[in-house]
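Take a look at the structure below.
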Amino acid sequence: MLLNIASPSGYDLFILTSVLISFALVPLLLVRTPSPTIDVPEKLQMASLIKTAPLGVTGVTLAGVVIGAVLGLAAVYAQSIGMNVAEISLFLGASYVGGLLLQWPIGRLSDIQDRRVTILLVSITASITAFVVPVGMYLDNHYLMLLGMFLVGAFSFPLYSLSASHVNDQLRPEQILSASSGLILLNGIGGATGPIIGALAMDFLDVNALFWFVAIVNIFVAMVAAYRINYQPPMIIEDQGDQVPVALGVSPVVTAEMFAEADSNLEVEEEVTEVEIKL
């Protein structure tokens with residue numbers, strides 16, 4: 001959205017972004033938080049991870065596919081239908097705003113019910129709302145298209161943290177760090193293949209095939225979730241850990257530590273003496 005402030009061809013926006021990032025780091029550096037205590041990390045093979053939490057692995061991988069396709073191709077889509085730079089920035093920014101605003105309430109919902117049900121509902125909603133942008137394009141209504149991108153971000157982007165939290169629920173504390181590396185690898189593979197498949201669909205079918213692709217991927221996640229709900233009894237709600245919202249740009253190391261710290265079975269030996277943050 002900063003593209004509306006200055007020209008992207010200059011260096012002003014890079015300086016402004018650097019300053020904003022620096023200011024964002026200040027609160028984090030001023031707060032002391034305890035580190036999670038993990039005795040001996042247990043190596044978890046990819047096959048064991050898939051067998052332990054197939055829905056979570058599917059969700060993490062396909063979340064990468066969707067997010068990679070949307071963030072990698074949304075600007076191309078917007079430019080191809082005639083949007084200018086300012087409109088493209090708002091179009092793409094709407095998805096970030098949607099993911100930011102709804103990640104917490106969706107996460108809280110997943111904490112008070114079977115997380116698989118939340119994944120099912122979110123995936124179904126994401127598959128339906130993916131068609132709002134194409135409808136807005138056919139009606140030549142940019143406001144409806146912005147709403148569509150907001151909804152895409154709101155219901156597609158939280159899938160990664162929901163799925164990763166579901167995986168966490170199935171693991172022992174000493175397995176979390178090892179599992180996180182596998183999840184990050186799968187999410188990265190999805191993020192790399194999503195733009196390729198989406199671009200091919202846009203090239204050979206129609207420019208709106210990007211959002212058809214997003215809808216199909218989310219429908220597949222919903223199908224896997226429905227199967228797992230019928231196949232396996234629900235987990236006791238009290239045994240579920242807290243869902244941890246994960247931003248799209250968080251580094252893999254930070255992500256792994258966030259999930260490890262959020263696990264309710266981990267004992268923290270240090271006491272917070274000044275300020276305590278509960279993730």
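Neighbour counts of other Cβ atoms within 10 Å put S163, S18 in the fewest-to-most order S18, S163. Spatially, segment 131-184 and segment 79-102 are offset by 16 Å when compared through their Cα centroids.
The order of the peptides 19-26, 194-201 by mean Cβ neighbours within 10 Å, most packed first, is 194-201, 19-26.
At an R0 of 22 angstrom, the distance between the Cβ atoms of Q113 and F220 translates into a FRET efficiency of 0.50. Tell me the Kirkwood hydrodynamic radius of segment 48-258 in angstroms, computed as one over the mean inverse distance between distinct C-alpha pairs. After inverting the pairwise mean of 1/r, the radius is 17.2 Å. Neighbour counts of other Cβ atoms within 10 Å put F131, F157 in the fewest-to-most order F131, F157. Residues in segment 72-85 carry Karplus couplings, in order, of x, 10, 4, 5, 5, 4, 5, 5, 5, 9, x, 6, 8, 4 Hz; the curve used is 6.51 cos²θ - 1.76 cosθ + 1.60 with θ = phi - 60°, and Gly or Pro positions show x. Going from the fewest other Cβ atoms within 10 Å to the most, the residues I15, I81 appear in the order I15, I81. Between F131 and I50, the FRET efficiency from the beta-carbon distance, with R0 = 41 Å, is close to 0.85.
No value in this document is a laboratory result; all are computed from the given coordinates. The structure presented is a predicted model; accordingly, all values stated were derived computationally and were not measured. For neighbour counting, all protein chains shown are included, and Cβ atoms are generated from backbone atoms with ideal geometry for every residue, glycine included.
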